[in-house]
1. For region 1-97, report the convex hull volume of the alpha-carbon atoms normalised per residue, in Å³, without decimals.
2. On the principal axes of its Cα set, how long, how wide and how thick is the chain? Give whole Å, largest value first.
3. How high is the relative contact order of the chain, given as a whole-number percent (alpha carbon pairs under 8 Å, six or more residues apart)?
4. Of His23, Thr35, Val50, which is farthest towards the positive pole of region 1-97's charge dipole, taken about the Cα centre with +1 and -1 on the beta-carbons of Lys, Arg and Asp, Glu respectively?
5. Suppose every Lys and Arg Cβ carries +1 and every Asp and Glu Cβ carries -1, with no other charges. What dipole size does the chain come out with about its Cα centre, to the nearest 20 debye?
6. Specify which residue in the list Ala14, Ala132, Gln168 is farthest towards the positive end of the charge dipole of the chain, using unit charges on the beta carbon of Lys, Arg (+1) and Asp, Glu (-1), about the Cα centre.
7. Along the Cα→Cβ direction, 7 angstrom out, place labels at Ser189 and Ala218. What is the inter-label distance in nm?
8. For the ranges 149-160, 31-42, what's the packing order if you count other beta-carbon atoms within 10 Å of each residue, average per peptide, and put the highest first?
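Every number in this text was worked out from the coordinates using simple rules, so none of it is lab data. Remember, it's a predicted structure, so these values are computed and weren't measured experimentally. Quick reminder, even Gly has a Cβ in these numbers, built from the backbone with ideal geometry, and neighbours come from all protein chains shown.
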Amino acid sequence: MPLLDGPLAVHRTAVADALAQAHHRADEVTAGLRTRWAVESDPQTRIQLVDSVGSLIAHAREQRGASIGWLRELMDDAEPSVRLAAVQALRRALPGQDDSVYAQTVSNVLSGSEPETWRPGRGAAKPTVVWAVGLLGEDRAALADAIQRLIGHPDPSVRAGALQAAAQALSRRRSAVPELLPAVARSLSDPEPDNRLVAARVLGMCGHAARPWADALAAMVTDEGEP
């Protein structure tokens, strides 16, 4: 683990990632990762340290409780990316043990910060939005609220991510139609052609439920039959 203290952030991140596989030394490694996090300044490395702790908790004994408590404390961190990483790590560490605090933490981040702060260094907003919305789990109200808000975001790539998240939610649960379809329908007038196309296809996927927007869909169809 001395390599966690190396001079290059990219190397420290890679080491933290590799250490997530050290299942046979989980107690020692989780303690070391948490110690490094306290002095780490690089945002991407910090996120990887959190993620690796979450991966190792299932294999830890002596450090299990302390590591779970540490992740819970990080849900109140000042950095949006750290709060989201902590939720992801806890969901991985404690599968099937949902906690309403997870969705509340994610909702607060999504409503109180911009997508570029959610996953430092990851670039494209669309996959970041899909990932972050996914951290809401099965909280239907929080999911609908986040998607409705993000579909109205000024950045077209953020809106694209929200539309993809809506499509995924609708494909999993048709009961989500009343909550999400009106927001998707508003994207039929999105300034970005690709977003309009996705909105039309999502509405088409919902069949009879999309009838209130049949005229708007018909107006978008070209001679070739594609929006």
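1. Cα-based convex hull of region 1-97, divided per residue, equals 82 Å³.
2. 64, 35, 29
3. RCO, the chain: 11 percent.
4. Most positive-ward Cα: His23.
5. Numbers: 24 positive and 28 negative charges, 97 e Å.
Roughly 460 debye, rounded to the nearest 20.
6. The residue sitting most towards the positive pole is Gln168.
7. Taking the simple label geometry, Ser189 and Ala218 are separated by 1.9 nm.
8. 149-160, 31-42
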